Amino acid sequence: ERKLDTADLCPTMDDNEDDWLSLRPQEPLPSQCCGSGCKPCIYDVYQKELEQWEEAKAKRDRSLLTRKKPQCKNSELAPEMFTAFTISSVDQLTEDTYQYKFELPGNSSLGLSLGQHIVLRGLVNGLEIQRAYTPITPVNAEGYFDVLIKFYEGGLMSQYVKSWKQGESVFWRGPFGGFPYRPNQYGELFMLTSGTGLAPMLPIIQHITENENDETFVTLVGCFRTFESIYMKTLLQDQSQFWNIRTFYVLSQELSLENLPWSYQKNTHLGRINENLLRSIMNTCRRQPFVLICGSVSFTNDMERYLKAIGLKEESYFVF
């Protein structure tokens, strides 16, 4: 992203076509779009800056290019511009997944609603890339926020994140998306997650358990490879102590339930989740379920296919 300096905007500069072309915003590369349907997308931001440049060029007024961009309250997080946040701690959760904690100034909060995500900007070998992540901290958390990031072999963002160290600053923008929710809006939330797809579910569960007037039931089905690859075990176990929260696990590469702690054996299934298993767990719901889905594209497609085969209509589930 090209930054303007005072020389760029000097009124004594020759007002020719080459000067204006040098100030024209650069169209984003495909790698700079996180693909999560952000509003505004980086292409929306580019289009807005392009229109601003075209207006300035038409009026021959470079000062129009320095209009102040909108700021967000709380931590200065804003959808249209990136803000630096400092890494305060790094914890390895599994072989390939880490939990990163970021500082917020004072007792400020990130200002997110349930299910909203933020976009990370990285730079690898001169190539700017962007990816979306959902903070796992409660939406009312003050002074910090946490994100789960999984490393992928050969992944560009993984190369960038692996270089992070405590005390460094990285750039985020947002928030985007979200799951509109009111206490007691649904009889039961049925959460289907795969891997780090667990992230948007955690703030929702904590939002429910922190509100003694919210009597929504929650059934979480977390799909992982092995018991060791399950994220946030302690938090999930603690939340499952509430009368209205249940957690099931589906482990695709675990060989025997006997290898698991006894407290996990009853609610864990081996193999991959399929239509029959999904139907059997849903049949144990205590109220009419509304389904939330978060995971890979293939996981989401499978879950939608199973739900439709079971008889659920599109208005009965939400995909992150």
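The values are calculated or read from the model by the stated rules, or taken from the named source; none is laboratory data. Keep in mind that what you see is a predicted model, and the values were worked out from it rather than measured. Positions of Cβ are generated from backbone atoms using ideal geometry, with glycine treated the same way; all protein chains shown enter the neighbour counts. The area values use the complete protein model at the heavy-atom level, side chains included, leaving out ligands, DNA and RNA. Shrake-Rupley method; radii C 1.70, N 1.55, O 1.52, S 1.80 Å.
Checked across region 55-68, the condition of being outside any helix (DSSP H, G or I) and either touching a strand residue (DSSP E or B) at 6+ places or on another chain (Cβ under 7 Å) or modelled with pLDDT of 65 or more (or both) holds for at least one residue.
When region 277-298 is filtered for residues that are hydrophobic (A, V, I, L, M, F, W, C) and under 15 Å from the mean Cα position of the chain (by Cα), the ones remaining, listed by number, are 292, 293, 294, 297. Residues of region 281-315 that are farther than 29 Å from residue 150 by Cβ, small (Gly, Ala, Ser) and not in a loop (DSSP other than H, G, I, E, B): 309 alone. Considering every residue within region 280-293, establish whether at least one is under 23 Å from residue 99 (Cα atoms) and open to solvent by 80 Å² or more (accessible area, probe 1.4 Å). No; the residues of region 280-293 include none that is under 23 Å from residue 99 (Cα atoms) and open to solvent by 80 Å² or more (accessible area, probe 1.4 Å).
Restricting attention to region 196-217 and to residues that are touching a helix residue (DSSP H, G or I) at 6+ places or on another chain (Cβ under 8 Å) and either open to solvent by 20 Å² or more (accessible area, probe 1.4 Å) or in a helix (DSSP H, G or I) (or both), the residue that is farthest from residue 133 (Cα to Cα) turns out to be 209. Selection of region 157-194 for residues being more than 13 Å from the chain's Cα centre (by Cα), more than 22 Å from residue 315 (Cβ to Cβ) and not hydrophobic (A, V, I, L, M, F, W, C) yields 158, 159, 160, 162, 163, 165, 166, 167, 168, 169, 194. May I ask you to verify whether residue 235 is surrounded by fewer than 18 Cβ atoms within 10 Å (Cβ to Cβ), at pLDDT 95 or above and either touching a Ser or Thr at 6+ places or on another chain (Cβ under 8 Å) or in a helix (DSSP H, G or I) (or both)? It is true that residue 235 is surrounded by fewer than 18 Cβ atoms within 10 Å (Cβ to Cβ), at pLDDT 95 or above and either touching a Ser or Thr at 6+ places or on another chain (Cβ under 8 Å) or in a helix (DSSP H, G or I) (or both).
Only residues that are within 19 Å of residue 200 (Cβ to Cβ), out of contact with any helix residue (DSSP H, G or I) (no Cβ under 8 Å at 6 or more places or on another chain) and surrounded by 14 or more Cβ atoms within 10 Å (Cβ to Cβ): list them for region 135-174, please. Those that are within 19 Å of residue 200 (Cβ to Cβ), out of contact with any helix residue (DSSP H, G or I) (no Cβ under 8 Å at 6 or more places or on another chain) and surrounded by 14 or more Cβ atoms within 10 Å (Cβ to Cβ): 141, 144, 145, 146, 147, 157, 172, 173, 174.
Among all positions in region 248-260, there is at least one residue which is open to solvent by 60 Å² or more (accessible area, probe 1.4 Å), part of a loop (DSSP other than H, G, I, E, B) and over 17 Å from residue 218 (Cα atoms). Screening region 177-195 for residues that are out of contact with any His (no Cβ under 9 Å at 6 or more places or on another chain) and assigned to a strand (DSSP E or B) and picking the one that is most open to solvent (accessible area, probe 1.4 Å) gives 194. You will find that of 129, 149, the residue that is over 26 Å from residue 229 (Cα atoms) and either touching a residue at least 40 places away in the same chain (Cβ under 8 Å) or among the β-branched types (Val, Ile, Thr) (or both) is 129 and no other. Each residue in region 186-212 was checked for being closer than 15 Å to residue 238 by Cα and not polar (S, T, N, Q), and 8 pass. Taking region 82-132 and the strands (runs of 3 or more DSSP E) fully enclosed by it, the elements with 2 or more residues that are within 28 Å of residue 43 (Cα to Cα) and open to solvent by 20 Å² or more (accessible area, probe 1.4 Å) are at 83-92, 116-124.
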